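Undergrad: First the structure, which I've put down as structure tokens, then a few questions once you've had a look.
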Amino acid sequence: MNQEELIEKVVKGEIKFYQVEKYTDIETATTIRRKAIEKIIGKELKHIGSYSIDMKQTASRNIEAPIGVQQIPLGIAGPLKVKGEVADGEYLIPLATTEGALVASVNRGCSIITASGGAKARVLKSAITRAPCILVPDTEHAVKLVNWVKDNFEKICEVFKGQDPFLKLLDFQPWIIGRNVFLRLLADTADAMGMNMVTSASEAVCNFIQENLPWAETIALSGNMCVDKKPTALNFILGRGKTVQSEAILKREYIKETLKTTAQKMVEVVYRKIYVGSGQAASYGFNSHVANIIAAIWIATGQDAAHIGESSMGIVTAEEINNGDLYVSLTLPSMICGTIGGGMWLSQMQEALSIMDCGGGFIKGKPPGTLAKKFAEIACSAALAGEVSLIAALAAGHLARAHEALGRGETARKKVEKLF
């Protein structure tokens, strides 16, 4: 069959979208699916069909039944000065977004943090998790299972690591609820985000447990105590992935000149909006818009966008010090990220990671996990910059005007110069 014949059969439903590769190569199949959809909906998808991604490689590991690429504008904020355990310098921040004013806002935050001496950042702990749900006969057997895991933890670590040389089981946290035992396994996955690695290793551990304790039946490899891709109190308190903190001291003169406000007014906004407002809402995030920055960086760099919810849970603090300076910090307890694997190997994403000086997957000659730690330090600091700018805009009464100017075209955009 030629291309037109294949398109017609897809339109008629005689060939399913996922079956097109049986008749041609992946790149032609991508075009055929897109052309079929164009006929079905009666509209041309010329922009989705214009891309530079290597579909042959992408379809083998990142997507099924591709029709093209959905592109998002990419902007740059910075430079942002960051001093961390690994990060040490001034970094540009790639932000993929369609929200007018976001890049400008983050850039403003980067400017004042850098002018004030930069942000200090640290990864406080790092462990991705998977929590199988295991069914046991009764409470007595549940306790036996937990004790058996404790007594055989060294052997379980060997089983776990046997699935990948870069994996290391660090600890486990058990919960007994009725006949259910949830084993929350905590692992170091080096520079990878690591969920696939940990899932395979957790399956091996469950099989090992069942071989030795036949009455312990694995019901679900993921028992929702991990907790993956959901904002939860568990991750907010215990942390998951990377727990990161960034802090800065903003000089009073820059607060006045750049942010058009004062430390006192910013502290007032943090107290009444971020603490009282978030508390009343029972929010898992005591911040103003961390999700904006995390989403923009995650999409730009090929992180799993479904992790934005838990990665953006965070607490902002603000204190006036030194007669007008402002101490600010951002703690993100559950940042799920990496620099290798998943979507990060794609050329566009590697280029974006390179903009942050985090490309290449890992740092040669350094311990595994060093580059991912650097990425987390920079990303958390960028989110802090976004917080600083928005809190200041609220304190100065500029928020609505800034969004109106930056989100409504060139004429309105010129008005924003008076604000920033």
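Undergrad: In the list Glu64, Glu27, Glu44, which residue meets the criterion of being over 30 Å from the mean Cα position of the chain (by Cα) and among the acidic types (Asp, Glu)?
TA: Residue meeting the stated conditions: Glu44.
Undergrad: Given the criterion at pLDDT 95 or above and not in a loop (DSSP other than H, G, I, E, B), identify the matching residue among Arg34, Arg108.
TA: Arg108
Undergrad: Within segment 303-329, track down each residue that is within 9 Å of the chain's Cα centre (by Cα) and crowded, with 20+ Cβ neighbours inside 10 Å.
TA: Within segment 303-329, Gln303, His307, Ile308, Gly309, Glu310, Ser311, Ser312 meet the criteria.
Undergrad: Looking at segment 77-88 only, could you name the residues that are outside any loop (DSSP other than H, G, I, E, B) and surrounded by 15 or more Cβ atoms within 10 Å (Cβ to Cβ)?
TA: If the condition is that a residue be outside any loop (DSSP other than H, G, I, E, B) and surrounded by 15 or more Cβ atoms within 10 Å (Cβ to Cβ), then Ala77, Gly78, Pro79, Leu80, Lys81, Val82, Lys83 are the ones that fit.
Undergrad: Go through segment 210-228 and give me each residue that's among the β-branched types (Val, Ile, Thr) and out of contact with any helix residue (DSSP H, G or I) (no Cβ under 7 Å at 6 or more places or on another chain).
TA: Within segment 210-228, just Ile219 meets the criteria.
Undergrad: Taking the conditions exactly as written (in contact (Cβ under 8 Å) with a residue 60 or more places away in the chain, of a type in the set (D, E, K, R), surrounded by 17 or more Cβ atoms within 10 Å (Cβ to Cβ) and over 18 Å from Val227 (Cα atoms)), does Lys168 satisfy them or not?
TA: Against the criterion (in contact (Cβ under 8 Å) with a residue 60 or more places away in the chain, of a type in the set (D, E, K, R), surrounded by 17 or more Cβ atoms within 10 Å (Cβ to Cβ) and over 18 Å from Val227 (Cα atoms)), Lys168 does not qualify.
Undergrad: Which of the residues belonging to segment 284-313 are at pLDDT 95 or above, of a type in the set (Ser, Thr, Tyr) and either in a loop (DSSP other than H, G, I, E, B) or in contact with a strand residue (DSSP E or B) (Cβ under 6 Å, 6 or more places away or on another chain) (or both)?
TA: Ser288, Ser311, Ser312 - these are the residues of segment 284-313 that are at pLDDT 95 or above, of a type in the set (Ser, Thr, Tyr) and either in a loop (DSSP other than H, G, I, E, B) or in contact with a strand residue (DSSP E or B) (Cβ under 6 Å, 6 or more places away or on another chain) (or both).
Rundown of residues vs (1) in contact with a helix residue (DSSP H, G or I) (Cβ under 6 Å, 6 or more places away or on another chain); (2) assigned to a loop (DSSP other than H, G, I, E, B), yes/no style:
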{"site": "Glu21", "(1), (2)": "yes, no"}
{"site": "Ala29", "(1), (2)": "yes, no"}
{"site": "Glu38", "(1), (2)": "no, no"}
{"site": "Ser60", "(1), (2)": "no, yes"}
{"site": "Gly68", "(1), (2)": "yes, yes"}
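Undergrad: I'd like the residue in segment 346-370 that is surrounded by fewer than 17 Cβ atoms within 10 Å (Cβ to Cβ) and either more than 16 Å from Ala87 (Cβ to Cβ) or among the aliphatic types (A, V, I, L, M) (or both) and, out of all such residues, is farthest from the chain's Cα centre (by Cα).
TA: For segment 346-370, the residue satisfying everything is Gly365.
Undergrad: Next question. Mind telling me which of the residues Ser288, Ser222 ends up being touching a residue at least 60 places away in the same chain (Cβ under 8 Å) and either surrounded by fewer than 19 Cβ atoms within 10 Å (Cβ to Cβ) or not assigned by TED's automatic domain parsing to the domain that holds Ile378 (or both)?
TA: Matching residue, one of Ser288, Ser222: Ser222.
Undergrad: While we're on this one: Just name the residue that is farthest from Thr243 (Cα to Cα) out of those in segment 113-133 that are among the β-branched types (Val, Ile, Thr) and part of a helix (DSSP H, G or I).
TA: Applying the filter and picking the extreme gives Thr114.
Undergrad: Determine whether segment 107-114 contains at least one residue that is surrounded by fewer than 22 Cβ atoms within 10 Å (Cβ to Cβ), of a type outside the set (Lys, Arg) and at positive phi.
TA: no
Undergrad: Continuing with this model, one more query. Of the residues Val106, Val69, Val86, which single one is farther than 30 Å from Leu390 by Cα, under 22 Å from the mean Cα position of the chain (by Cα) and aliphatic (A, V, I, L, M)?
TA: Just a single option satisfies the conditions, and that option is Val69.
Undergrad: Oh, and also: Which of the numbered conditions does Gly194 fail, given that it passes all the others? Conditions: (1) surrounded by 17 or more Cβ atoms within 10 Å (Cβ to Cβ); (2) free of Cβ contacts under 8 Å to residues at least 40 places away in the same chain.
TA: Gly194 satisfies all of (1) surrounded by 17 or more Cβ atoms within 10 Å (Cβ to Cβ); (2) free of Cβ contacts under 8 Å to residues at least 40 places away in the same chain except (2).
The values are calculated or read from the model by the stated rules, or taken from the named source; none is laboratory data. Keep in mind that what you see is a predicted model, and the values were worked out from it rather than measured. Here the Cβ is made from the backbone with ideal geometry for all residues, glycine too, and neighbour counts use every protein chain on show.
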